[in-house]
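Q: Please find one structure pasted underneath; my questions will follow.
The values are calculated or read from the model by the stated rules, or taken from the named source; none is laboratory data. All values reported here derive from a predicted model rather than from experimental measurement. Positions of Cβ are generated from backbone atoms using ideal geometry, with glycine treated the same way; all protein chains shown enter the neighbour counts. Surface accessibility is based on the protein's heavy atoms, side chains included, excluding ligands, DNA and RNA. Shrake-Rupley method; radii C 1.70, N 1.55, O 1.52, S 1.80 Å.
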There are 2 protein chains.
Amino acid sequence: MKYIIGMDIGTTAAKGVLYDLNGQMIISASRGYPLIQRKLGQAEEDPQVILDAVQKIIFKLAEKVQGEVAAISWSSQMHSLIGLGKNYEILTNSITWADNSCTNIVEEAKKNGLAQKIYHTTGMPIYPMAPIYKLMWLKQSNPNLFHQVQKWIGIKEYIIFRLTGKIMIDTTMAAGTGMLNLKTLSLDQDLLQKAGIAADQLPDLASPTEIVGSVSTEYVQKLGISADTKIVLGASDGYLSTIGVDAVDENHFALNVGTSGAVRTISPQAQVDQDARYFCYPASKRQFLLGGPINNGGIVLDWARRTLTLLNEKATVKDFLRLAKSAQVGSNGLIFLPYLGGERAPIWDANARGSFVGLTRQHTKADMARAVIEGIIFNLYDAATGLIESTKKPAAINATGGFMQSDLIRQTCADIFDVPIVTMKEQQSGSLAAMFLARQALGLNKNVDEIGRFVEKGKVYYPNQKEAAIYQKLFPLYREIKNDLAASYQKFRDINTI
Amino acid sequence: MKYIIGMDIGTTAAKGVLYDLNGQMIISASRGYPLIQRKLGQAEEDPQVILDAVQKIIFKLAEKVQGEVAAISWSSQMHSLIGLGKNYEILTNSITWADNSCTNIVEEAKKNGLAQKIYHTTGMPIYPMAPIYKLMWLKQSNPNLFHQVQKWIGIKEYIIFRLTGKIMIDTTMAAGTGMLNLKTLSLDQDLLQKAGIAADQLPDLASPTEIVGSVSTEYVQKLGISADTKIVLGASDGYLSTIGVDAVDENHFALNVGTSGAVRTISPQAQVDQDARYFCYPASKRQFLLGGPINNGGIVLDWARRTLTLLNEKATVKDFLRLAKSAQVGSNGLIFLPYLGGERAPIWDANARGSFVGLTRQHTKADMARAVIEGIIFNLYDAATGLIESTKKPAAINATGGFMQSDLIRQTCADIFDVPIVTMKEQQSGSLAAMFLARQALGLNKNVDEIGRFVEKGKVYYPNQKEAAIYQKLFPLYREIKNDLAASYQKFRDINTI
């Protein structure tokens with residue numbers, strides 16, 4: 001029994017990585033699944049389809065080593081909600097973090113102060129992704145369904161339940177429901193009441209390194225593993241992709257940007273923000289994940305590549321980056337707000353939209369391209385400033401994700417954050433950290449800071465002082481434009497829906 | 001003596017048109033001259049170079065008809081300032097309307113209320129183009145020069161002075177100095193004092209149809225005309241291009257858009273705006289030209305063609321219009337503020353900049369192209385709304401200028417203004433109206449409304465009610481975005497000048 005599988009249940013795909021007991025990656029596998037969107041703002045997934053994908057990945061990985069798998073541990077998307085009936089049958093799809101159906105409930109909760117109370121009690125930002133708002137919305141919009149549901153769980157809890165028969169949730173995933181009290185690390189009775197549910201309708205709480213148990217006979221066969229293979233509870237992808245790049249304290253931030261992205265750090269104590277700009281999700285009584293997730297990363301780069309370059313849309317990302325690089329640092333004072341897909345941190349406005357502001361006749365296509373990149377990174381920095389104010393300026397930022405695979409982008413990050421950017425040789429930091437949790441569960445490691453020996457770092461990009469100074473002049477203007485346009489987004493929405 | 005020459009002294013070129021006594025155009029000629037810009041914001045011209053261009057044009061036109069020219073009449077750019085010494089020698093260049101050197105003086109005058117007083121007394125908008133501000137600036141920045149100057153005149157007065165030896169200014173050009181009292185139609189003593197000059201330092205006032213006199217012997221030869229050719233005083237290009245499209249009362253607006261543009265109408269009484277959005281320049285006690293000049297017309301279209309279409313900048317205007325037309329009316333809710341070159345009416349902010357606001361991932365290059373055109377026209381409409389509020393919604397808008405030579409643009413104007421757009425067969429409305437002034441001076445016509453028989457109208461574009469309704473929903477959002485960003489432009493300037 002010499003192998004560990006780290007499974008990551010993402011929003012668009014599941015990925016599994018097979019490691020040996022020393023933490024060396026052997027092989028990986030992944031399978032995609034569709035988002036279900038039958039109306040605007042809906043974003044659901046079929047739990048059965050995801051279970052099927054997970055099953056096939058594990059089978060493929062285990063086959064490689066004749067089922068010699070000591071443990072399977074889990075990284076997962078956060079904030080999903082699934083209702084199970086009295087026979088544990090599925091009554092709803094998995095309503096994902098990307099679903100905005102309960103927007104009106106959140107607006108109402110903002111007005112009556114409940115949203116602020118939820119944030120200060122649980123560290124859950126004021127945004128429709130949180131299961132607590134989804135519960136309030138389902139209770140109001142579909143009371144029959146709501147009262148049929150016996151258990152409310154998320155996608156990781158569902159998968160583990162199917163494999164082991166146990167309904168358990170780890171602290172980091174429970175934090176993402178908006179019902180876990182930051183001070184007590186237990187469910188908040190007052191908020192449960194507001195959501196209209198009882199504590200026994202939610203999974204049992206445990207630590208991420210908890211061994212849930214073994215896999216049921218049925219699934220031992222389906223997964224091609226051993227009856228002794230242990231299922232480790234695992235944690236949220238946000239927490240794991242942070243410790244997975246060796247950002248285990250306030251000295252390091254983790255910056256992960258692909259299509260969307262996040263900036264995160266780990267604080268030894270619970271902290272919430274006066275302006276509710278960042279989340280605070282506990283992992284344990286000594287580890288609190290602070291951070292801001294952003295919608296507009298590589299997806300905006302891709303829009304700009306299609307829209308700003310050639311008419312025939314054949315320009316590559318490389319072409320676009322070359323164009324951007326040909327413009328001066330600061331894009332001749334052109335400001336781009338990247339909120340093309342609404343935005344979470346730091347503005348938390350699903351109606352937000354993108355803008356170019358400050359155009360003169362001297363601005364070129366290259367300036368617009370560079371402004372897009374600088375705008376995406378200004379937004380990341382803007383999301384990070386709340387963290388910096390509450391903790392400290394980090395010594396380094398450990399960066400991963402598809403958007404970060406460019407010299408221009410890495411250097412611009414270093415210059416805008418004015419902090420060295422450390423690249424990672426391995427991008428699957430979530431699976432790696434899930435594997436590390438299994439090592440802890442198996443007694444092979446003790447403290448979280450031991451994860452560093454499994455993390456291989458790459459090239460470091462240091463800030464250039466001249467460029468950093470230019471960005472320090474531009475960033476206040478970026479923020480001013482952001483504030484100037486904040487009130488308009490609701491009106492754009494109203495125009496579109498008249 | 002069967003011919004009349006209408007001369008137009010523009011900002012970048014002089015144009016002359018030779019008409020027969022029935023108002024039929026025979027031939028035209030033009031010559032360009034450069035703007036002198038040795039530092040940012042400066043925009044001067046050499047009066048001698050302009051005189052030379054005018055002389056060559058008249059010679060060429062007169063040659064065609066063996067000098068049989070009954071009269072030469074003038075249309076001219078407004079707001080220029082030239083200082084003459086005690087021997088009438090030139091002490092300054094012609095400081096044009098486009099020169100922003102006295103911006104700080106205007107800012108100060110805004111703060112102490114003088115600018116508001118100037119607007120309400122003279123109808124001159126709060127903007128550095130006005131000679132009254134230029135005088136205050138020269139007095140402060142170059143007192144030696146200021147005290148050497150015996151006469152302060154504009155470019156039309158200079159040309160006519162050189163040809164006839166008389167220093168005279170017509171009412172419409174005097175209105176453009178910011179020192180002509182709207183109520184009395186005479187120079188305002190209080191404002192002259194503020195500018196630091198005496199009334200006898202300015203030209204004598206007369207009506208646009210005044211016959212100044214004959215041409216000096218020297219210039220009779222140089223121009224190739226007769227000693228009997230009469231010089232008619234003429235008027236501002238703003239006034240003449242309005243009556244020159246048969247917009248002689250409040251029922252018609254004149255919309256002229258080339259590189260820059262203006263919307264204008266003629267009111268029987270003086271009117272000023274609470275918000276100082278439009279100018280009010282008297283032509284006589286019964287004719288007041290109300291209007292708004294805009295910087296951002298075809299010049300923005302040209303920027304967008306270069307910047308938004310192909311990388312190699314080879315897309316034509318036609319390509320750009322085709323691209324724009326392929327998007328839906330309203331550009332999927334994307335708003336474009338066209339202030340790429342600062343803006344005069346209706347916001348009067350030389351620091352203003354352009355913006356795209358409201359981008360989503362669904363927006364295409366075609367949406368951006370269409371938003372540019374709609375934004376330019378929203379700005380024209382915005383400049384017109386002050387006039388409409390003070391006068392009435394016109395029955396028709398008579399349109400000229402290079403920007404207006406497109407079906408898409410004409411129809412979009414009709415839909416945004418919700419008023420029929422009447423095109424003109426002849427684009428040289430300024431020269432035509434100058435010719436008409438000469439006919440009045442020669443006793444061939446009496447009232448201004450007789451100009452209609454010389455104006456040939458073309459195709460009419462009627463508003464489509466469905467499209468007009470879409471624009472009536474979008475325009476309030478355009479205005480809101482305009483207001484949201486108004487305070488940021490000063491900061492863009494500060495960033496650039498740090």
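Q: Suppose we keep just the DSSP beta bridges with both residues in segment A:245-498; what percent of those would be antiparallel, to 5? Let's see the in-between values first.
A: Values: 24 of 33 bridges.
Of those bridges, close to 75 percent are antiparallel.
Q: Heavy-atom accessible area of B:K491 with all protein chains present, probe 1.4 Å, nearest 10 Å²?
A: 80 Å²
Q: At what distance in angstrom do the alpha carbon centres of segment B:459-494 and segment A:249-280 lie from each other?
A: Going from one Cα centre to the other spans 39 Å.
Q: At a threshold of 8 angstrom on Cα-Cα distance, excluding pairs fewer than six apart, so keeping six or more, what relative contact order does chain A reach in percent?
A: Relative contact order, chain A: 15 percent.
Q: Over the residues of segment B:291-360, compute the C-alpha Rg and express it relative to 2.2 N^0.38 Å.
A: Taking the Cα Rg and dividing by 2.2 N^0.38 Å, one obtains 1.21.
Q: At what distance in nm do the modelled label points of A:I90 and B:L35 sit from each other, each positioned 7 Å from its Cα along Cα→Cβ?
A: About 6.6 nm, to one decimal.
Q: Here's another thing I want to ask about it. What nm value, rounded to one decimal, do you get for the distance between A:K491 and B:K473 when each label is placed 7 Å out toward the C-beta?
A: Label at A:K491, label at B:K473, 1.6 nm between them.
Q: If you take every DSSP beta bridge whose two residues both sit in the protein assembly as shown, what share of them, in percent to the nearest 5, is antiparallel?
A: Values: 104 of 150 bridges.
Percent antiparallel among DSSP bridges in the protein assembly as shown is about 70.
Q: Something else now. Which residues, if any, in segment B:337-366 have at least 30 Å² less accessible area in the whole protein complex than in the isolated chain, probe 1.4 Å?
A: Residues of segment B:337-366 that lose at least 30 Å² of accessible area once the other chains are added: B:L340, B:R353, B:G354, B:F356, B:V357, B:G358, B:L359, B:T360, B:R361, B:K365.
Q: Limiting things to C-alpha atoms, what are the Rg and the maximum Cα-Cα separation (Dmax) for segment B:55-197, in angstroms?
A: Looking at segment B:55-197, its Cα Rg and Dmax stand at 16.7, 58 Å.
Q: Please state, as a whole number in µm²/s, the translational diffusion coefficient that the Stokes-Einstein equation yields for chain B at 4 °C and 1.567 mPa s, with Rh defined as the Kirkwood radius across alpha carbon pairs.
A: 56 µm²/s
Q: For A:T12, project a label point 7 Å along Cα to C-beta. Then give me every residue of segment A:401-443 with its amide nitrogen under 12 Å of that point.
A: Residues passing the 12 Å test: A:402-403.
Q: Further question on the same structure: Estimate the FRET efficiency between B:I26 and A:R306 by the formula 1/(1 + (r/R0)^6), using the beta-carbon distance for r and 41 Å for R0, to the nearest 0.05.
A: Working from the Cβ atoms, E equals 0.15.
Q: Label-to-label distances across copies for A:N251, with labels 7 Å out along Cα→Cβ, in nm, shortest first?
A: Label point to label point, same position, other copies: 8.4 nm.
Q: Interface size between chain B and chain A, please: total buried accessible area, 1.4 Å probe, rounded to the nearest 100 Å².
A: Numbers: alone 20100 and 20170 Å², together 36370 Å².
Chains B and A together bury roughly 3900 Å² of accessible area.
Q: Ok, one more. Averaging the inverse of every distinct alpha carbon separation and then flipping it gives the Kirkwood radius. What is it for segment B:201-273, in angstrom units?
A: Evaluated over segment B:201-273, this radius sits at 15.2 Å.
Q: Give the percent of DSSP beta bridges with both residues in chain A that are antiparallel, rounded to the nearest 5.
A: So the antiparallel bridges in chain A amount to around 70 percent.
Q: I want to make sure I understand the PRE zone here: with the label point 7 angstrom from the Cα of A:K285 toward its beta carbon, which residues in segment A:164-178 have backbone N atoms less than 17 Å away?
A: So the set is A:171-172.
Q: Would you compute, from DSSP H runs of 4+ residues alone, the mean residue ellipticity of chain A at 222 nm, taking -39500 (n - 2.57) per run and dividing by the full residue count, rounded to the nearest 500?
A: Calculated from helices alone, the mean residue ellipticity at 222 nm is -11500 deg cm²/dmol.
Q: If I take R0 = 35 Å and measure r between the Cβ atoms of A:L408 and A:N447 in this structure, what FRET efficiency does the formula 1/(1 + (r/R0)^6) give, to the nearest 0.05?
A: That gives a FRET efficiency of 0.40.
Q: Kindly report the accessible area of chain B per residue (heavy atoms of protein chains, probe 1.4 Å, no ligands, DNA or RNA), in Å².
A: I get 36 Å² per residue for this part.
Q: Something else now. Please list, or write none, the aspartates and glutamates whose alpha carbon is within less than 15 Å of the alpha carbon of B:K393, excluding same-chain residues fewer than 8 places away.
A: B:D249, B:E250, B:D382, B:D415, B:D418
Q: In square nanometres and to one decimal, what's the mean projected area of the convex hull around the Cα atoms of segment B:245-498?
A: Taking the Cα atoms of segment B:245-498, their convex hull projects to 15.1 nm² on average.
Q: Round to the nearest 0.05 the FRET efficiency obtained for A:D418 and A:I211 when R0 = 51 Å and r is the Cβ-Cβ distance.
A: Once rounded, the FRET efficiency stands at 0.70.
Q: Evaluate the relative contact order of segment A:82-212 (contact order divided by residue number), counting alpha-carbon pairs under 8 angstrom at least 6 apart; express in whole percent.
A: 28 percent.
Q: A further question follows. How big is the gap, in Å, between the Cα center of segment A:31-56 and the Cα center of segment B:174-234?
A: When both Cα centres are located, 80 Å separates them.
Q: Which residues among segment A:381-409 fall inside the zone where the amide N is under 19 Å from a point 7 Å beyond the Cα of A:R322, along Cα→Cβ?
A: The answer is A:405-409.
Q: On a 0 to 90° scale, report how tilted helix B:298-308 is relative to the longest principal axis of chain B, with both axes built from alpha carbons and the result rounded to the nearest 10.
A: So the inclination is approximately 40 degrees.
Q: Right, next: With Rg and the Kirkwood Rh both taken from Cα atoms, where does Rg over Rh land for segment B:117-215?
A: Across segment B:117-215, the Cα-based Rg/Rh ratio is 0.96.
Q: DSSP loop GluC sites (Glu not before Pro) in segment A:40-91 with at most 10 other Cβ atoms within 10 Å of their Cβ, which ones?
A: Details: sites: A:E44, A:E45, A:E63, A:E68, A:E89; in loops: A:E68, A:E89.
Of the GluC sites (Glu not before Pro), the ones in loops of segment A:40-91 whose Cβ has at most 10 other Cβ atoms within 10 Å are A:E89.
Q: May I pose another question? What is segment A:290-347's relative contact order, in percent, from Cα pairs under 8 angstrom and six or more apart in sequence? Write out the running numbers ahead of the final one.
A: On the way: 35 pairs, mean separation 33.6, N = 58.
With pairs under 8 Å counted, the relative contact order is 58 percent.
Q: Using only atoms on other chains, find how many Cβ atoms lie within 10 Å of each Cβ of peptide A:296-309 and report the average.
A: Mean shielding count: 2.
Q: If you don't mind, there's one more thing I want to ask. Leaving out ligands, DNA and RNA but keeping every protein chain, what accessible area does B:V257 have, in Å² rounded to the nearest 10, with a 1.4 Å probe?
A: 0 Å²
Q: A follow-up question, please. For the protein assembly as shown, compute Rg over Rh where Rg is the Cα radius of gyration and Rh is the Kirkwood radius from the inverse mean 1/r over Cα pairs.
A: 1.11
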